[in-house]
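Heads up: the structure comes next, in structure tokens.
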Amino acid sequence: MRIRKQDYNNVTVVELQGELDGDFTELLRNTITDIIAASKTGIVLDMSSVGFIDSQGLEELLWERDYCNQNKRGIRLAGLDENCAKILEITRIENEFDCYTELSEAVKSFT
């Protein structure tokens, strides 16, 4: 898994590449806490290059949502492929996130 960050004013887009699994959660958590510490308004997780999410990855997404809420920041998911969207649906957590098809729409949602 690889992570790339890009800032758009007060929103940070975190592009994830690979599988969101237990091997990756610590790196993602550190990335999210660093962004919150930088006082960004919101975070968009670009999931367009993620093909699979395991149970630890799902737990991490929920932790990130809770952490952002506790720090009065927003988090959005963008570009979920069919497989990842189905995983969120089956586990009944798809309604826990604001999901957008297009990255640009997710970023604009913070304005």
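Before moving on, here are some points about what is shown:
- Amide H within-cut-off set for PHE110, under 5 Å, with H built and near neighbours excluded: none
- Total lysine pairs whose alpha carbons fall under 23 Å of each other in the chain (8 or more apart, or interchain): 6
- Between GLN56 and SER104, the C-beta separation translates, for a Förster distance of 25 Å, into a calculated FRET efficiency of about 0.25.
- Spatially, region 1-59 and region 67-97 are offset by 12 Å when compared through their Cα centroids.
- Amide H contacts under 5 Å for ARG73: none, restricted to partners 5 or more places along the chain or on a different chain, H placed in the peptide plane at 1.01 Å from N.
- Note that region 87-100 has calculated 3J(HN,Hα) couplings of 4, 5, 5, 4, 7, 6, 10, 4, 7, 7, 10, 7, 10, 10 Hz, one per residue in order, obtained from phi through the Karplus relation 6.51 cos²θ - 1.76 cosθ + 1.60 (θ = phi - 60°); glycine and proline are x.
- Theoretical gain in end-to-end length, GLN70 to ASP23 [0.36 nm per residue, Cα-Cα removed]: 14.4 nm
- q = 0.13, 0.19 Å⁻¹, region 2-108: log10 I(q)/I(0) [Debye, one scatterer per Cα]: -0.40, -0.91
- Per-peptide average of other Cβ atoms within 10 Å, ordering 20-28, 97-105, 72-80 highest first: 72-80, 20-28, 97-105
- Only helices enter this figure: runs of n ≥ 4 DSSP H residues, each worth -39500 (n - 2.57), summed and divided by the residues of the chain, yield -12000 deg cm²/dmol at 222 nm to the nearest 500.
- For GLN6 and ILE90, the difference between the fully extended length at 0.36 nm per residue and the C-alpha to C-alpha distance is 27.2 nm.
None of the figures in this text is laboratory data; all of them are computed from the coordinates on show. What you are looking at is a predicted structure, and each value in this text was computed from that prediction instead of being measured. Positions of Cβ are generated from backbone atoms using ideal geometry, with glycine treated the same way; all protein chains shown enter the neighbour counts.
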